[in-house]
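Have a look at the structure below before the remarks.
The values are calculated or read from the model by the stated rules, or taken from the named source; none is laboratory data. Quick caveat: nothing in here was measured; it's all calculated off a predicted structure. We place every Cβ from the backbone using ideal geometry, glycine too, and count neighbours over all the protein chains shown. In case anyone asks, the SASA skips ligands and DNA or RNA and just uses the protein heavy atoms, side chains included. Shrake-Rupley method; radii C 1.70, N 1.55, O 1.52, S 1.80 Å.
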Amino acid sequence: MKHLITTLGPLCKDQLGLILPHEHVFVDLRTPDQPGYAQADAREVVALMAPQIEAIKAQGVTALVECSTGGVGRRADLDLAVSRATDFPIVVPTGNYREPWIPAWVARASEAELEAWMLKELTEGIDDTGVRAGWIKLSAGDDGITPLEARILRAAARAARAANAVIGSHTIKGRVVMDQLDIIEAEGYTARRFISIHTQAEPDFAMHKAVAARGAWIEYDNIGYVPDEETVARILRALEAGLAGQLLLSHDMGWFDPAQPGGGVPRPYTHLVDSVLPKLQAAGVDEATIVQLTEINPFEAFAR
């Protein structure tokens, strides 16, 4: 039986409902060599972010995927603190972001060392938190994957293959996604276990279909940043193209930012349920499809 690997342990499909597949609880977009990088008091993080979690719990959301990976402030211990304070499961990644957000030790590490690190976090846990990583989060440069990013991706593909984990990548251009899929398949893994994060940023819808035709998940994750009319039209176009079984929806919102006083002002994770889902229903999208998009697809994408 497949499970979603969360801060509160592995959960099966029957224990879950709506899942938000791309959000942030804690992010630091300063590079890892900057003073104070990723440092925060857990009590302050919980105080700021617990109300955001409680708001989506009240909507019926049952889990959230943390997308802050290595290089952009991943703190599994802080995710765990928020999770425990709200009794709400969070899915934490292993992996690392793109250049220049790559720590020196990752840049120096061999592919074998990177593979062993990611596999250990997927199967044993992250540092001393007791939290197993649920997936691998990476990124690639907008103009093409660099040699260092390709090394990390090859290692990720091997670790993911060993653990049956999904790899998600912040990759803006569809042609770069296709290059990533080539690398993953060359390492013996499958495009079906890849999420093209920020697919909506690729303006050519033909590339959305091409990525999906390879077997990968596509993700529209700017809900609430753009007018609902734009979001609904994009989703309807994907549904009309037969992509309902490979489409993920989320906000890419939050978060506690240690570079800002008091962690900044978080953006809520509530817009999908409050606004976009009712508009999809009004446009004729049936309940089974809503369940597919918001419950079945995110579970199938991340569970292992």
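Couple of notes before you dig in:
- Taken as a whole, the condition of being among the hydrophobic types (A, V, I, L, M, F, W, C) and either over 22 Å from Leu248 (Cβ atoms) or assigned to a helix (DSSP H, G or I) (or both) does not apply to Ala63.
- Any hit, region 232-243, residues being under 24 Å from Gly71 (Cα atoms), assigned to a loop (DSSP other than H, G, I, E, B) and free of Cβ contacts under 8 Å to residues at least 40 places away in the same chain: no
- Residue in region 164-199 that is most open to solvent (accessible area, probe 1.4 Å), counting only those that are part of a helix (DSSP H, G or I) and more than 22 Å from Arg304 (Cα to Cα): Arg175
- Candidates Arg84, Arg161, Arg108, filtered to the one that is open to solvent by 10 Å² or more (accessible area, probe 1.4 Å) and closer than 29 Å to Ala212 by Cβ: Arg161
- Residues being surrounded by fewer than 16 Cβ atoms within 10 Å (Cβ to Cβ) and either over 18 Å from Ala303 (Cβ atoms) or out of contact with any Leu (no Cβ under 9 Å at 6 or more places or on another chain) (or both) - total across region 9-28: 3
- Contact map, region 155-167: first residue closer than 13 Å to Ile195 by Cα, second residue polar (S, T, N, Q) and part of a helix (DSSP H, G or I), Cβ cut-off under 9 Å, separation 6 or more or different chains; pairs are Ile167/Gln180.
- Single match in Leu64, Leu122, Leu114 (criterion: hydrophobic (A, V, I, L, M, F, W, C) and either touching a Leu at 6+ places or on another chain (Cβ under 6 Å) or more than 17 Å from Ala156 (Cβ to Cβ) (or both)): Leu64
- Residues considered: Leu280, Leu239. Of these, the only one that is among the aliphatic types (A, V, I, L, M) and either modelled with pLDDT under 95 or crowded, with 19+ Cβ neighbours inside 10 Å (or both) is Leu280.
- As for region 260-271, it holds no residue that is buried (at least 22 other Cβ atoms within 10 Å of the Cβ), of a type outside the set (S, T, N, Q) and closer than 24 Å to Met1 by Cβ.
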